[in-house]
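Data first, discussion second: the structure below is written as C-alpha cells.
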Amino acid sequence: MIHSLFLINNAGDLFLEKHWKSVISRSVCDYFFEAREKAVEPDNVPPVIRTPHHYLINIYREKIFFVSVIQTEVPPLFVIEFLHRVAETFQDYFGECSETTIKDNVVIVYELLEEMLDNGFPLATESNILKELIRPPTILRTMVNTITGSSNVGETLPTGQLSTIPWRRAGVKYTNNEAYFDVVEEIDAILDKSGTTVFAEIQGVIDACVKLSGMPDLTLSFMNPRLLDDVSFHPCVRYKRWESERVISFIPPDGNFQLMSYHISAQNLVAIPVYVKQNISFFETGSSGRLDITVGPKQTMGKTVECLVVTVHMPKVVLSANLNATQGTYNYDPVTKILVWDIGKLNSQKLPNLKGSLSLQSGAPKPEENPSLNIDLKIQQLAISGLKVNRLDMYGEKYKPFKGVKYVTKAGKFQVRT
C-alpha cells in the first residue's frame, strides 16, 4: 500500500523520509514540487498527484507537507486519513507537529512510523496502544536513555491490543476524573460582490479530552441532532445506537481523541457571521487604483468576532499600497503581492475600514479581474450551525466526573469576490 513517506517544509526542503518496502528515489517528489509551484496557496495543492509509475497522496498540516508514495491503486481517503493520524500522533507525543520538534525527536519519529505501518499497511494507530509500545519523551527519560543506552520502546505487549476495546488501556486510574469536549466548526463560504451567498457549508469536529478511571460507558446527547446529516465517528462509537436514537454511546479512549466529525451542507442552515463592503478599482488612465474595504458583524448570535484578518492577493502589476486603517494594522508585501489587514477584535459600534490608493506598474495593462478577499476569524462560545450538547451521562462507574463543553467557530476557506 504505502511505500514511502516524505516530509517537506514550506521552503521545499525534504527533511525526513521513511521507506517501508523498496527505497523510492527522492526525485519522485519533483512532480509534487511542480504542483506546489502552480498552486497559489499550500492548501490548494491537489491531494492526489499522478506520475508515470506512482501516485503521490499528500496533506498539509502545521506548515509541513506529508507526501506518501503509492504504487498501486488504493482508496485515496484511506491514505489521507492515515496521514492525518500520523500528524496527530506527532502532536500528541511532542506537544506540536513542527519541523523543529520532528528533527529533535527523530529516533522516536522513526520508531512510531515503524509501529504505525507494517509492510506498508496500517497496524497500530491508536494513541493508547502506541504510548505503551513507545513511551512518550520526557526530559528525565531522555537523560536516562542517554546514560544507559536504553530506548523508549516498551518491553511488554500493550494490554489493549488483545482486548475487544483496543483503543483503551486497562487499569486506568485518576485522582481527578474529568471529561471535556470541544465543538469546533469551520465555515467554508463564497460570497459574491453584492454579499449574496454563492456557496456555504460547515465542517465540524468534536474533540474530547477524557481522563476517567476504570472502564466508563458514556452517552452524549444533543439538543438538535437532526442538524447532522453527514457524520464520521471514532471506532469507539456504537453506530447502531446513533442510527436508532441519535445519541452517541461509547467507551472512550484514555486522553485526547476526536470523537466525531460532521458536515452541514444545507445553505439555509449556514449563518454567515460577517459582511464585507468592498470596492477595488483600477483606473484605465494612469498607473493607480483605489481600495476601500469595510467589515461588519452579521449573524454572530450576540458573540464577538475575534482574530479577524483580511488577506488580498493583488495582481502582479500592483507595486505598493498607501492605505489608512481605522482599526488594526496592514502590511503589503511587494514581492508576494499579498495585502494582509489584521483587524483583531471586531467592534460593532465603529466598523473597521481600510481605504487608500494603489500604485501600479507604469505602462502595464489594467488587470483583467479584481482580486478576491480571504477572511479569517474566530468566535468563542458559538457553534455557528446551532448545534448544542444536551447532556453527558456515565454508566459503569460510581464516581462523579467533572464535565464541560466549549464551542468555537472558525473561518475555513471563506472568500469574498470583488
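The values are calculated or read from the model by the stated rules, or taken from the named source; none is laboratory data. Just so it is clear, the model here is predicted, and its values are computed rather than measured. Glycine also receives a Cβ, built like all others from the backbone with ideal geometry; neighbour counts cover every protein chain displayed. With ligands, DNA and RNA removed, areas are computed over all heavy atoms of the protein, side chains included. Shrake-Rupley method; radii C 1.70, N 1.55, O 1.52, S 1.80 Å.
Quick notes on this structure:
- Bridge orientation summary for the chain: considering DSSP beta bridges with both residues in this region, about 90 percent are antiparallel.
- Accessible area of the chain belonging to carbon and sulfur atoms, whole % at 1.4 Å probe: 51
- In the chain, the longest principal axis of the Cα atoms and the axis of helix 106-116 are about 70 degrees apart.
- With the charge dipole of region 274-380 set up from +1 on Lys and Arg Cβ and -1 on Asp and Glu Cβ about the Cα centre, the Cα lying farthest toward the positive end among the listed residues Ile280, Thr336, Gln349 is that of Gln349.
- Over all pairs of different C-alpha atoms in region 4-57, the reciprocal of the mean inverse distance, the Kirkwood hydrodynamic radius, equals 11.9 Å.
- Projecting the Cα atoms of Ala87, Phe15, Ala39 onto the charge dipole of region 2-148, computed from C-beta unit charges around the Cα centre, puts Phe15 farthest toward the positive end.
- Summary value for the chain: 14 percent relative contact order, contacts being C-alpha pairs under 8 angstrom separated by 6+ residues.
- Heavy-atom SASA rank of Phe121, Phe94, Phe66 (probe 1.4 Å, accessible area, largest first): Phe121, Phe94, Phe66
- Spatial separation of Cα centroids for region 282-314 and region 355-417, in angstrom: 16
- Residue-averaged 222 nm ellipticity for the chain, from DSSP H runs of 4+ at -39500 (n - 2.57), nearest 500: -5000 deg cm²/dmol
- What you get for the chain, charging only the Cβ of Lys and Arg (+1) and of Asp and Glu (-1), is a dipole of about 1140 debye around the Cα centre.
- Our coupling estimate for region 207-224, obtained by passing each phi through the Karplus curve with A = 6.51, B = -1.76, C = 1.60 and θ = phi - 60°, is 8, 10, 10, 10, 10, 10, 6, x, 10, x, 10, 9, 10, 10, 10, 10, 5, 9 Hz, Gly and Pro reported as x.
- Projected-area mean, region 274-380, by convex hull of Cα positions, square nanometres: 6.6
- Separation in nanometres of the label points that stand 7 Å from Cα toward Cβ, at Asn256 and Met215: 2.8
- Residue-normalised accessible area of the chain, expressed per residue, 1.4 Å probe, Å²: 51
- Our summary gives region 274-380 a relative contact order of 38 percent, counting only alpha carbon pairs under 8 angstrom and 6 or more residues apart.
- Taken over the Cα atoms of region 2-148, the convex hull encloses 116 Å³ per residue.
- About the Cα centre, charge dipole magnitude for region 274-380 (Lys/Arg +1, Asp/Glu -1 at Cβ), debye: 300
- Packing, as the average of other Cβ atoms within 10 Å across residues, places the peptides 372-382, 396-406 in the order 372-382, 396-406, highest first.
- Taking the square roots of five times each eigenvalue of the Cα gyration tensor of the chain, the equivalent ellipsoid has semi-axes of 42, 30, 19 Å, listed largest first.
- Farthest toward the positive end of the dipole of region 274-380, out of Leu360, Asn324, Met301, is the Cα of Met301, where the dipole comes from beta carbon charges about the Cα centre.
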